[in-house]
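To start, the structure itself, in structure tokens.
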Amino acid sequence: MRRTVEPELMDDEEQARAYASADFSASDTAFVEAFQARFGAALAASDAPIADLGCGPGNIALRLAHALPQRRIVAVDGAEAMLALGRERARTEGRDNVDFVRATLPSDALPPAHFGAIVSNSLLHHLHDPSVLWRTVAHIGRPGAPVYVGDLRRPPTPEAARAIVARYAGDAPPLLQEDYLASLHAAFEPAEVASQLAAAGLGGLAVEAVADRYLLVVGRLPG
């Protein structure tokens, strides 16, 4: 099916709280653990900050802050409603090594060649122009920096998208089910992402299809 874009920002307070209260703990923990498993040696060898692009309410950033207490995590999002929830959670958890920054990509708030690693989870499908993500990754990362980007993968048909929502979010509130279906329609196929990476000069990053609904972009920036 053809891609249908959705709003880039989740800046409605009700939507933000619904998202933050949903239980993504298993997938978020698996994301951070897989990132560490792939790049453990590189993460141990550097003290440069890690960027989390499209951080939402901080699900990934706060887990990274806990797992890597010696590293500063810079969590970036364009939606203040999401960032406010992330800051509140950081105070509650006592995480003082994570900074929440409001920025819409591309942004001068992110210094060039500054970050020792870059992660992003479920941002790509929100972007009307996906090239802004890959240009930002290439611009802000240090040479050789690990990159770990996860996102949804667009199903082949509307019927397949509805079946995925029913299978994985059938018990979720209607608002989240609607958002999930819209996100599946807005997601990219692996071949599309590979073309985006090539256009950004990041053809050395690999695109992997994961399970029945995800894709992963993983590798290191050119050294």
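Spread over its residues, the convex hull of the C-alpha atoms of the stretch 127-193 is 114 Å³ per residue. P(r) of the stretch 167-212 in 10 Å steps, Cα pairs, percent per bin? The percentages, shortest bin first, are 23, 36, 26, 15, 0. Distance between the modelled labels on GLN70 and ARG162, one decimal in nanometres: 5.3 nm (7 Å Cα→Cβ projection).
The C-alpha atoms of the stretch 36-187 occupy a region whose extents along the principal axes are 46, 34, 31 Å, arranged from largest to smallest.
For PHE188, the residues whose amide H sits under 5 Å from its own are ARG154, ignoring neighbours fewer than 5 places away on the same chain, with H placed 1.01 Å from N. Taken along the Cα-to-beta-carbon direction at a fixed 7 Å, the label points for GLU189 and THR92 span 4.2 nm. Ordering TYR148, TYR214 from the fewest to the most neighbouring beta carbons within 10 Å gives TYR214, TYR148. Charge dipole (Cα centre; +1 on Lys/Arg Cβ, -1 on Asp/Glu Cβ; no other charges) of the chain amounts to roughly 700 debye.
In order along the stretch 49-66, phi translates into HN-Hα couplings of x, 10, 9, 10, 8, x, 6, x, x, x, 4, 7, 4, 5, 5, 5, 4, 6 Hz, rounded to whole numbers, per the Karplus curve 6.51 cos²θ - 1.76 cosθ + 1.60 with θ = phi - 60° and x for Gly and Pro. Distance from the C-alpha centroid of the stretch 44-82 to that of the stretch 167-223: 20 Å, rounded to the whole angstrom. Percent of alpha carbon pairs in the stretch 70-155 separated by more than 22 Å? Here the tail beyond 22 Å accounts for 29 percent of pairs.
Taking the convex hull of the alpha carbon positions in the stretch 25-105 and averaging its projected area over all directions gives 5.1 nm². Across the chain, the mean sequence separation of Cα contacts (distance under 8 Å, 6 or more residues apart), normalised by length, yields a relative contact order of 22 percent.
Per-residue ellipticity at 222 nm computed for the chain from its helices equals -13500 deg cm²/dmol, with DSSP H segments shorter than 4 residues left out and the rest contributing -39,500 (n - 2.57).
FYI, it's all coordinate maths here, none of it is from the lab. What you see is a predicted model, and the numbers here were worked out from it, not measured in a lab. For neighbour counting, all protein chains shown are included, and Cβ atoms are generated from backbone atoms with ideal geometry for every residue, glycine included.
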